[in-house]
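In what follows, a single structure is set out as structure tokens and then discussed.
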């Protein structure tokens, strides 16, 4: 039983050390995305024409205490529905295109103007 306890301690220590190494690797990999502005073509299932696609924009702004990338995103879909998410977890996968801050903010301001126009029509 003494050897079993020794092995459990070795495994626990090695597991902790491995976890720390993996967290550091994850942080080093993900930190490069902080401050990036990106867009990706989005669509609902089974798109048939170009009008079935739209742009989803995001700005990755930090890594939180748990080592998760956080981002702000917005989009206006092919039906005209507007989606805005803040403080969401950013997933890193292929397809995202890096864009300039100017392009991101220009698109954001354009969407805000559109929302303002909608609200003007709703006011009594």
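Each value in this text was obtained by applying a stated rule to the coordinates, not by laboratory testing. Nothing here was measured: the structure is a model prediction, and the numbers come from that model. In this analysis, Cβ positions are derived from the backbone assuming ideal geometry, glycine residues included, and neighbour counts consider all displayed protein chains.
Miscellaneous remarks
- Identity of the residue in region 46-95, touching a helix residue (DSSP H, G or I) at 6+ places or on another chain (Cβ under 9 Å) and assigned to a loop (DSSP other than H, G, I, E, B), that ends up surrounded by the most Cβ atoms within 10 Å (Cβ to Cβ): 90
- Test: residue in region 76-93 that is within 25 Å of residue 44 (Cα to Cα), over 19 Å from the mean Cα position of the chain (by Cα) and touching a residue at least 12 places away in the same chain (Cβ under 8 Å): yes
- Qualifying residue in region 13-32 (condition: farther than 29 Å from residue 117 by Cα, assigned to a loop (DSSP other than H, G, I, E, B) and free of Cβ contacts under 8 Å to residues at least 40 places away in the same chain): no
- Qualifying residue in region 34-45 (condition: out of contact with any helix residue (DSSP H, G or I) (no Cβ under 9 Å at 6 or more places or on another chain) and part of a helix (DSSP H, G or I)): no
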